[in-house]
Amino acid sequence: MLEHNPSKKLKANEGFETNFSEQKARWEVSLNGSKLLEYVYGEVDDINPSFRLVKTTDEHTISLYRPWDHPWHPGLFFSWKYINGYNFWEAKYHGEQNRVVTDSFIPMEEGSIGFRQALSYINHEGENLLQEKRVVTVEEELDGYLIHWQASYTPTNNAVTLSSSENTEKTPWGGYGGLSCRLSRNLLRPAITTDLGSYTAEEAFSIPFKWCDYSGKLDGYIEEEWAGICIFDHPLNMRYPSPKLTYDYKDMQFMTAAILFNKPYLLNMSETLHLNYSFYIHDNKAEKENLNRIWNKLRS
């Protein structure tokens, strides 16, 4: 697995600053005094830790936190759907008290922007099923910035089966689970730009892209203004490239890297599953040439 070098950092003299409150279980990144990112891991009603706030450097909001239609969508987040049949996506909203517990949270040293987090996946019977080590770093990029997201998963006591909801004719929205972003409703009718070409959200749904950008036209401007988010899959990820699910409903804009879309995954006790992604948070409409440039940099 490619390790992103934490030395690739946003320096304080470039206007970027971090703030961490252990008491509030909150980690933040600001640019010139304006908050861009807010990561929370102790909110009572959140099943999974998340970036509940994601903004572009021009202060356009990308994420949507706890929307009324799906309050278990906490912005930009990772969640398994099922672990050994236990629901870790909707969990208590579907009557199960399964939870993801933070065992430790360590911001990176001054001069780097990121954190290391250890998590346990505990079912409603109190059994610790899975442990995760998460490393998140932030890096400056043209017209925006990158969020590098690395994670490793190891069973705690017994092998675990990771699975998703089925995608069928009766449930055409199924198959979700993994690294995801619930998007601002400002990104209605998005332009989907990928390594294989440009699509509507419906056309792009479930195609295995190496990278996939979801951009929307913003309200409040006479001339067109755009912003968006691109997810980059790493070549060493399981089932690379995984299907990318791009939802664009009347009330829901959503994107996820669905590694369990086609079939479950058995993770044995002797194994550790590594996942590595990057998000590009950007202003302006996505340009394929720029996204290809970033992709080539990330995989080199």
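The values are calculated or read from the model by the stated rules, or taken from the named source; none is laboratory data. Bear in mind that the values here come from a model prediction, so they are computed numbers and not experimental data. All Cβ positions, even for glycine, are placed from backbone atoms using ideal geometry, and neighbour counts span all protein chains on display. Side chains are part of the model used for accessible areas, which takes the heavy atoms of the whole protein and leaves out ligands, DNA and RNA. Shrake-Rupley method; radii C 1.70, N 1.55, O 1.52, S 1.80 Å.
What is the sum of charges around T156, taking Lys and Arg as +1, Asp and Glu as -1, for the other residues whose C-beta is under 15 Å from the C-beta of T156?
Cβ neighbours under 15 Å give a net charge of -3.
Just to confirm a number: summing +1 for Lys and Arg and -1 for Asp and Glu over residues other than R116 whose beta-carbon lies under 9 angstrom from that of R116, what do you get?
+2
At a threshold of 8 angstrom on Cα-Cα distance, excluding pairs fewer than six apart, so keeping six or more, what relative contact order does region 148-300 reach in percent?
Answer for region 148-300 is 34 percent.
Projecting each Cα onto the charge dipole of the chain (Lys/Arg +1, Asp/Glu -1 at the beta carbon, about the Cα centre), which of N268, H282, S242 comes out farthest on the positive side?
My answer, from the dipole projection, is N268.
Cut-off 10 angstrom, C-alpha nodes, Gaussian network model of the chain. Which of A25, A227, A257 fluctuates the most?
A25
Over 27 Å between C-alpha atoms is what I'm after, so list which of K55/K170; K133/K244; K55/K244; K92/K217; K35/K81 land there.
Going by Cα-Cα distance, K55/K170; K92/K217; K35/K81 fall outside the 27 Å limit.
Would you kindly calculate the translational diffusion coefficient of the chain, applying Stokes-Einstein with the Kirkwood radius from alpha carbon pairs, for 10 °C and a viscosity of 1.306 mPa s, and quote it in µm² s⁻¹ without decimals?
Once the numbers are plugged in, D ends up at 82 µm²/s.
Find the relative contact order for region 73-223 and round it to a whole percent, using C-alpha pairs within less than 8 Å whose residues are 6+ positions apart.
Across region 73-223, relative contact order equals 20 percent.
Measuring from label point to label point, each 7 Å out along Cα→Cβ, what is the E166 to F20 span in nm?
4.5 nm
Find the centroid of the Cα atoms in region 106-157 and in region 193-271, then give the distance between the two in whole Å.
20 Å
Counting Lys and Arg as +1 and Asp and Glu as -1, each charge on the Cβ, what is the dipole of region 208-300 about the Cα centre in debye, to the nearest 20?
It comes to approximately 560 debye.
Computed over the Cα atoms, what is the radius of gyration of region 157-300 divided by 2.2 N^0.38 Å, N being its residue count?
Region 157-300 yields a ratio of 1.11.
Looking at P190, N157, V136, which one has the Cα that reaches farthest to the positive end of the dipole of the chain (charges on Cβ: Lys, Arg +1; Asp, Glu -1)?
N157
Give, rounded to the nearest 20 debye, the magnitude of the charge dipole that the chain has about its Cα centre when Lys and Arg contribute +1 at Cβ and Asp and Glu contribute -1 at Cβ.
That gives a dipole near 520 debye.
Relative contact order for the chain: what percent, with Cα pairs under 8 Å and sequence separation of 6 or more?
Contact order relative to length: 17 percent.
Within the chain, what's the longest stretch lacking chymotrypsin sites (Phe, Trp or Tyr not before Pro) that sit in DSSP loops with no more than 14 other Cβ atoms inside 10 Å?
69-172
If a paramagnetic tag sat 7 Å from the Cα of N32 along the Cα-Cβ line, which residues of region 198-226 would have the backbone N under 20 Å from that point?
Counting only backbone N, you get 221, 225-226.
Could you check how much of the accessible area of region 49-108 is carbon and sulfur, as a whole percent, using a 1.4 Å probe?
Heavy-atom surface of region 49-108 belonging to carbon and sulfur, 1.4 Å probe: 48 percent.
I need the semi-axes of the equivalent ellipsoid of region 71-116: take the C-alpha gyration tensor, multiply each eigenvalue by 5, square-root it, list largest first in whole angstrom.
28, 12, 9
Please work out how much length the chain gains when fully extended from Y265 to N296, using 0.36 nm per residue of separation minus the C-alpha to C-alpha distance, in nm with one decimal.
8.3 nm
Net charge near D233, counting Lys/Arg +1 and Asp/Glu -1 over other residues with Cβ under 14 Å of its Cβ?
Around D233, the surrounding residues sum to +2.
Express the accessible area of region 146-267 per residue in Å², computed with a 1.4 Å probe while the remaining protein chains stay in the model.
Counting only protein heavy atoms, the per-residue value for region 146-267 is 42 Å².
Within region 131-155, whose backbone N sits under 15 Å from a point 7 Å along Cα→Cβ of T102?
132-137
Once you have all Cα-Cα distances for region 195-270, histogram them in 5 Å bins from zero and send the whole-percent values.
Going out from 0 Å in 5 Å bins, region 195-270 shows 3, 14, 22, 21, 16, 10, 7, 4, 2, 1, 1, 0 percent.
Please identify the GluC sites (Glu not before Pro) of region 110-218 that satisfy two criteria: DSSP loop assignment and at most 10 other Cβ atoms within 10 Å. Which are they?
E110, E125, E166, E169
Using DSSP to call loops (not H, G, I, E or B), can you name the GluC sites (Glu not before Pro) in region 25-85 whose Cβ has at most 15 other Cβ atoms within 10 angstrom?
E59
Tell me, what % of the accessible area of region 111-161 is carbon and sulfur with a 1.4 angstrom probe?
Its accessible area is 43 percent carbon and sulfur atoms.
Accessible area per residue, 1.4 Å probe, Å², for region 17-131: what's the number?
That works out to 44 Å² for each residue.
Give, in nm to one decimal, the length gained when the segment between D143 and A159 is fully stretched (0.36 nm per residue of separation minus the Cα-Cα distance).
Roughly 1.4 nm would be gained on extension.
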